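A quick write-up on the structure given underneath.
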Amino acid sequence: MVGLIDYHMHSVLSDGKHTYEEMIKKAIGLGLGEIGFSDHVGLKAVDWAVAQVDIPVMTEQILDLREKYDSQIKVRYGIEMDYFPGRETEIQEIISSLPLDYVIGSVHFIGDWNFDTDKSLYGKWSNDELYRIYYDLIQQAAKSGLFDTIGHLDIIKKFRIYPESDQSQLIEDTLSVIKEHNLVVELNTGGLDRPCAEFTPSPQIVERCYHHHIPMTLSSDAHKVGQIARHYETAINLMKAVGFEEITTFDGRRRNAMRI
């Protein structure tokens, strides 16, 4: 993992367990070349997102630490932003107010239901319909022009919720929208430690990303220092086996490529 990146991680300002500086020191010890913070920011006041009052604190801390550790590691400033249809202007206002290197667009909510932590409404729809609703939101997020990266693309499977029938065409349609709107997909290795026990997206979707010439970046979704760059060897081996030769990096919302 020497020289690699980790672009999805959370600090104590959202739902992480460690400070930015603690995570930077761990990343340096692991030999990473870049670390990117992406605390949760959203339009709903939930306890796992950065509080409005703490957004300036987040910015100040990251920019100060970027300068402090500049000679040892590149520190990137990102956020993981929840997508809500019809509220694109509000989302854009938040994004535009921050000096970001990248924005991860994620879907954690269907209406007011946070399916990522709350299991209570599973079964309200058939799983096929649930997948249709979820991927429609992903497609809307991709079309919005708000985001640089789509986060944990198939997170709807987190609690081992799988469709009743083949949804490969739905996935293909979603990837076509992502390609058309020129987004990056992250390979989020944290999925291996979730109930689904699989990368998000799955190896099959990683292969389809390569087929569609959709660039990918790499992340651990770390919520504590021990999770930084987790399962990276397996992830890199998968990407190389599929055909990827590089991953995407960001600087000031501009893309660069890093060979793997």
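The values are calculated or read from the model by the stated rules, or taken from the named source; none is laboratory data. In this text, all values refer to a predicted model and were calculated from it rather than measured experimentally. Every residue, glycine among them, receives a Cβ derived from its backbone with ideal geometry; neighbour counts consider all protein chains shown.
Each row is one residue, and each column tells you yes or no for (1) of a type in the set (G, A, S); (2) within 27 Å of G226 (Cα to Cα); (3) touching an Asp or Glu at 6+ places or on another chain (Cβ under 8 Å).
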{"site": "R160", "(1), (2), (3)": "no, yes, no"}
{"site": "E164", "(1), (2), (3)": "no, no, yes"}
{"site": "E180", "(1), (2), (3)": "no, no, no"}
{"site": "L183", "(1), (2), (3)": "no, no, yes"}
{"site": "L192", "(1), (2), (3)": "no, yes, yes"}
{"site": "Q204", "(1), (2), (3)": "no, no, no"}
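Starting from region 45-61, keep only residues that are touching a residue at least 24 places away in the same chain (Cβ under 8 Å), then list their pairs with residues that are among the aromatic types (F, W, Y) whose Cβ atoms are within a distance under 7 Å, requiring at least 6 positions of separation or different chains.
From region 45-61, the pairs are Q61/Y20.
What is the number of the single condition among (1) under 24 Å from R160 (Cβ atoms); (2) in contact with a Leu (Cβ under 9 Å, 6 or more places away or on another chain); (3) buried (at least 22 other Cβ atoms within 10 Å of the Cβ) that G191 does not meet?
So the condition that G191 fails would be (2).
Of all residues in region 216-260, which are assigned to a loop (DSSP other than H, G, I, E, B) and either more than 20 Å from D39 (Cα to Cα) or in contact with a helix residue (DSSP H, G or I) (Cβ under 7 Å, 6 or more places away or on another chain) (or both)?
S220, D221, I228, A229, R230, H231, G243, F244, E245, I260
Read through the list (1) surrounded by fewer than 18 Cβ atoms within 10 Å (Cβ to Cβ); (2) touching a Lys or Arg at 6+ places or on another chain (Cβ under 6 Å), then give the number of the only condition that T248 fails.
Looking at each condition in turn, T248 falls short on (1).
Assuming G78 fulfils every condition listed in (1) within 24 Å of M216 (Cβ to Cβ); (2) surrounded by fewer than 19 Cβ atoms within 10 Å (Cβ to Cβ); (3) under 21 Å from the mean Cα position of the chain (by Cα) apart from one, which condition is it?
(2)
Does any residue in region 233-260 that is within 18 Å of N188 (Cβ to Cβ) come within less than 7 Å, Cβ to Cβ, of a residue that is part of a helix (DSSP H, G or I) and of a type in the set (F, W, Y) six or more places away or on a different chain, and which pairs are these?
V242/Y210; F244/Y210
If D101 satisfies every condition in (1) surrounded by 15 or more Cβ atoms within 10 Å (Cβ to Cβ); (2) touching a helix residue (DSSP H, G or I) at 6+ places or on another chain (Cβ under 7 Å) but one, which is the exception?
Among (1) surrounded by 15 or more Cβ atoms within 10 Å (Cβ to Cβ); (2) touching a helix residue (DSSP H, G or I) at 6+ places or on another chain (Cβ under 7 Å), D101 violates only (2).
Out of the helices (runs of 4 or more DSSP H) lying entirely within region 3-110, which hold 1 or more residues that are at pLDDT 95 or above, in contact with a Gly (Cβ under 6 Å, 6 or more places away or on another chain) and of a type outside the set (K, R)?
Those helices (runs of 4 or more DSSP H) do not exist here; none qualify.
Restricting to region 62-90, what's the tally of residues that are in contact with a strand residue (DSSP E or B) (Cβ under 9 Å, 6 or more places away or on another chain) and under 15 Å from F109 (Cα atoms)?
5
Select from region 122-134 the residues that are touching a residue at least 24 places away in the same chain (Cβ under 8 Å) and out of contact with any Asp or Glu (no Cβ under 8 Å at 6 or more places or on another chain) and write down the one among them that is surrounded by the most Cβ atoms within 10 Å (Cβ to Cβ). Outline the logic, then answer.
As a first pass, look at region 122-134 and keep what is touching a residue at least 24 places away in the same chain (Cβ under 8 Å): 122, 126-128, 130-132, 134.
From what is left, the residues that are out of contact with any Asp or Glu (no Cβ under 8 Å at 6 or more places or on another chain) are 122, 130-132, 134.
Values: Y122: 13, L130: 19, Y131: 22, R132: 15, Y134: 20.
Looking at the filtered set, the residue picked out is Y131.
Regarding region 216-229, can at least one residue be identified that is more than 27 Å from I62 (Cβ to Cβ), in contact with a Gly (Cβ under 8 Å, 6 or more places away or on another chain) and among the hydrophobic types (A, V, I, L, M, F, W, C)?
Within region 216-229 (the criterion being more than 27 Å from I62 (Cβ to Cβ), in contact with a Gly (Cβ under 8 Å, 6 or more places away or on another chain) and among the hydrophobic types (A, V, I, L, M, F, W, C)), the answer is no, since none of the residues qualifies.
With respect to the numbered conditions (1) without any contact (Cβ under 8 Å) to a residue 60 or more places away in the chain; (2) over 14 Å from the mean Cα position of the chain (by Cα), which one is the sole condition not fulfilled by P201?
Looking at each condition in turn, P201 falls short on (2).
Among the residues that make up region 2-24, is at least one of them buried (at least 20 other Cβ atoms within 10 Å of the Cβ) and out of contact with any strand residue (DSSP E or B) (no Cβ under 8 Å at 6 or more places or on another chain)?
The answer is yes, given that some residue of region 2-24 is buried (at least 20 other Cβ atoms within 10 Å of the Cβ) and out of contact with any strand residue (DSSP E or B) (no Cβ under 8 Å at 6 or more places or on another chain).
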